Amino acid sequence: MLPWLSYSAIDFIEGVVRADWRVFEWGSGTSTAWWGSRVEHIHAIEHERQYYDQVAAFGLANLTLRLCEASEDYVGAIDSAAGGPFDAIIIDGEAPAHLKSGGILIFDDSGRAAHRDSLVHLRDGGLKRIDFFGLRPSFLYRKCTSVFLSDDAILTRAALPSEKRSCLGPTISQAMGE
């Protein structure tokens, strides 16, 4: 299963994620399963019963899943999540205070005009932004996923392009057997 992020964002994130990471995710789905197979623990907050039931059925041992149907409970759920701050936070909102130093904040659907103020808030808070435009799984339109960094040290951990392994498939070098 793949998260519904732009393919280029998935490729980037997969190159920097670590097995000892703790992740917080607002909204759950196939991305929860994807993160769950790569990190130590994932806290997912869902506001729709249907998605909550689907994700609960995944049976991930490293998942804490919470249903928060009330808007105020959903938005503030990170405040009561055990073990913060987190190595990665997946949002459609703002949560930089809960981000670990050296962590990443993934802002899905950042290309929507409705999110302009949130993006400006994060930028003005000192976070660095990388935008990943492109197609995403299951949809036929381009989208943008933005990854915010508190510092750029994470960029030096990524594998060189010819050495990178990806859930999206082999590189040309790997396909040619170089």
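For the stretch 1-51, a residue qualifies if it is of a type in the set (Ser, Thr, Tyr), in contact with a strand residue (DSSP E or B) (Cβ under 9 Å, 6 or more places away or on another chain) and part of a loop (DSSP other than H, G, I, E, B), and the qualifying residues are Ser6, Ser28. Taking the stretch 97-117 as the range and being assigned to a helix (DSSP H, G or I), surrounded by 13 or more Cβ atoms within 10 Å (Cβ to Cβ) and either at pLDDT 85 or above or touching a Leu at 6+ places or on another chain (Cβ under 7 Å) (or both) as the test, only His115 passes. Of all residues in the stretch 53-88, those satisfying the criterion of being in a loop (DSSP other than H, G, I, E, B) and not small (Gly, Ala, Ser) are Phe58, Leu60, Asn62, Cys68, Glu69, Pro85. Do you know which of the residues in the stretch 10-68 that are within 15 Å of the chain's Cα centre (by Cα) and basic (Lys, Arg) is surrounded by the fewest Cβ atoms within 10 Å (Cβ to Cβ)? Result: Arg18.
Counting only residues that are farther than 12 Å from Ile13 by Cα and either modelled with pLDDT under 85 or touching a Lys or Arg at 6+ places or on another chain (Cβ under 8 Å) (or both), the stretch 128-147 holds 12 of them. Flag: Ile106 matches the condition of being in contact (Cβ under 8 Å) with a residue 60 or more places away in the chain and either more than 18 Å from Leu5 (Cβ to Cβ) or of a type in the set (A, V, I, L, M) (or both).
Taken together, Gly76, Gly102 contain a single residue that is in contact with a strand residue (DSSP E or B) (Cβ under 9 Å, 6 or more places away or on another chain) and farther than 21 Å from Phe133 by Cα, which is Gly102.
Filtered by the rule that a residue be in contact (Cβ under 8 Å) with a residue 12 or more places away in the chain and under 28 Å from Ala19 (Cβ atoms), the stretch 42-57 gives Ile42, His43, Ala44, Ile45, Glu46, Tyr51, Tyr52, Gln54, Val55. Within the stretch 118-136, being under 30 Å from Asp20 (Cβ atoms), among the aliphatic types (A, V, I, L, M) and in a helix (DSSP H, G or I) holds for Leu119, Leu122.
Candidates Arg38, Arg22, Arg49: the one that is within 24 Å of Ser162 (Cα to Cα) and basic (Lys, Arg) is Arg38.
With respect to the stated conditions, Ser150 fails to be modelled with pLDDT of 85 or more and surrounded by 14 or more Cβ atoms within 10 Å (Cβ to Cβ).
For Ser110, the requirement of being within 20 Å of Gly27 (Cα to Cα), hydroxyl-bearing (Ser, Thr, Tyr) and touching a Phe, Trp or Tyr at 6+ places or on another chain (Cβ under 8 Å) is not met.
Whether a residue is among the hydrophobic types (A, V, I, L, M, F, W, C) and part of a strand (DSSP E or B) was assessed, and Phe139 does not pass this test.
The values are calculated or read from the model by the stated rules, or taken from the named source; none is laboratory data. These figures come from a predicted structure and were not determined experimentally. Cβ: placed from backbone, ideal geometry, glycine included. Neighbour counts: every protein chain shown.
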